[in-house]
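Here's the structure we're looking at; comments come further down.
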Amino acid sequence: MLPDEAALAVRAAELDAADRLAAVRRRFVLHSGTDESGGGDRPEQVYLDGNSLGALSTGVLPRLTEVITREWGELRIRSWEESGWWTAPERVGDRIAPLVGAAPGQVVVGDSTSVNVFKALVAAVRMAPRGRDEILVDAATFPTDGYIARSAARLTGHTVRALPAAELAAEAGPRTAVALVNHVDFRTGRLHDLRGITAALHRAGALAAWDLCHSAGALPVALDADGVDFAVGCTYKYLNGGPGAPAYLYVRRDLQPRFDSPLPGWNSHADPFGMAPGYEPADGAPRGRVGTPEILSLLALDAALDVWDDVAVPDVRDKSLGLTDFFLECVAALAPAGRVESITPRAHAERGSQVSLRCAGAGDVMRELTARGVVGDYRRPDVLRFGFTPLYTRYTDALRAARELAAVLEGTG
Ligand SMILES: *Cc1c(COP(=O)(O)O)cnc(C)c1O
């Protein structure tokens, strides 16, 4: 071991020993079957892709087994009432609410993030005064948000203007109905100023819709306190709900009575079982529902949320910044000079929970890293992306990832 590396190993061990969230890691299934059955003494996988698909927590399988065998297998249709299936979208929404700074009754779970972006944008446009005919989107947005915004604009006779997130506040004006902003940029890991941009949009008379896919569960979000109008987010990244787990929609309480959904399904009707031909919207969060909820994945998410019961989000944020700082330090110390460049902001106030490194041949580098048991992901054309989920990532994992990255870069230099 090089002297640098030895010192970093000591630091990593100290940081892990002092980690207030260390015990939470045991709530997750992190061994890797192929590594272990391969015999030998290969170390565990280092999983740095929780910002794409969060790891499985131990409570999910027993809970889903119960849901399938008892609630579906035996109670069948009775479970809509007796097992609380019908109201699960609001109940699980109220479990997500504290993670995004929302009081109860404003978050509903269902459908995908893409679909919820559509509901929020069209509802916002319908709420906006006449003459406000433009939707702003941040230019670096996750693609689905931009696609949906353009379709929502075509349907409603609006236009879309794409701008760097940093310019949205200054550019919003008398024609702006709503701006859709990604809280954390999925490519670079840059964190945007939710409070400041929301306040500027409001000063311009526009509504603010935020996509929390890369922030909820990784850092504090204060939707109520910051006056956000609409928010959406997925639950399979930092909330570990499982592949394709349903997304959530937040509509600020005082806007709920004016929320005119573009997808008014029978689940959001004031009297769903009245089966009336005419639509009359339910009050409150259920107004964001569409059709029959995806019960199996919704209840998998419900079980996955148990890991948060005694976790304080500020602790998560502290550890997230600690991990990303330490990883950047390890990469700087160990990787061959000039081979990678961080495109993730240094300033804590501008950093989400991932580190993105620009690197020539990034696709091959990530394939080799994965083969060595360090799983991140690759975003074309040249970005290596490492997500740090504070609930189950250790400082020793960050060091090992940097060490393996350095070795791969030495080999491909
Ligand atoms: C992951 C992600 C999505 C995903 O949308 P789906 O409808 O779940 O596929 C949307 N927006 C952002 C910003 C994301 O990071």
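Quick notes on this one:
- Amide H contacts under 5 Å for Val46, placed H, 5+ residues apart: Val374, Val375
- The string of couplings for the stretch 195-202 from the Karplus curve (6.51, -1.76, 1.60, θ = phi - 60°) is 5, x, 5, 4, 5, 5, 4, 5 Hz, one whole number per residue in order, with x for Gly and Pro.
- Backbone HN-Hα couplings from phi across the stretch 22-31 [Karplus 6.51/-1.76/1.60, Hz, Gly and Pro as x]: 3, 5, 5, 3, 5, 7, 10, 9, 10, 5
- Stretch gain in nm, segment Tyr279-Asp224, where the contour uses 0.36 nm per residue and the Cα spacing is subtracted: 16.9 nm
- Nearest 10 degrees, 0 to 90: helix 3-17 Cα axis against the chain principal axis: 40 degrees
- Semi-axes of the equivalent ellipsoid for the stretch 61-308, computed as √(5λ) from the eigenvalues of its C-alpha gyration tensor and ordered from largest down, come to 31, 21, 14 Å.
- Sorting 365-377, 114-126 by average packing, meaning the other beta carbons within 10 Å per residue, from highest down gives 114-126, 365-377.
- Per-pair calculated FRET efficiency, R0 = 25 Å: Asp318 and Ala407 via Cβ, rounded to 0.05: 0.25
- For the stretch 185-262, fraction of C-alpha pairs farther apart than 20 Å, in %: 36 percent
- Packing-based order for 383-393, 209-219, using average beta carbon neighbours within 10 Å, highest first: 209-219, 383-393
- The mean sequence separation of alpha-carbon pairs under 8 Å and at least six residues apart, normalised by the residue count of the chain, gives a relative contact order of 22 percent.
- Between Asp254 and Ala371, full extension at 0.36 nm per residue minus the direct alpha carbon distance yields a gain of 37.0 nm.
- Other-chain or far-sequence residues with amide H under 5 Å of Leu207's (modelled H): Val178, Ala179
- Over the chain, dividing the summed -39,500 (n - 2.57) contributions of all DSSP H runs of at least 4 residues by the number of residues returns a 222 nm mean residue ellipticity of -10500 deg cm²/dmol.
Where a number appears in this text, it was derived from the coordinates with a stated rule and is not lab data. Predicted model only: the values in this text are computed from it and were never measured. Ideal geometry is used to build each Cβ from the backbone, glycine not excepted, and the neighbour counts take in all protein chains shown.
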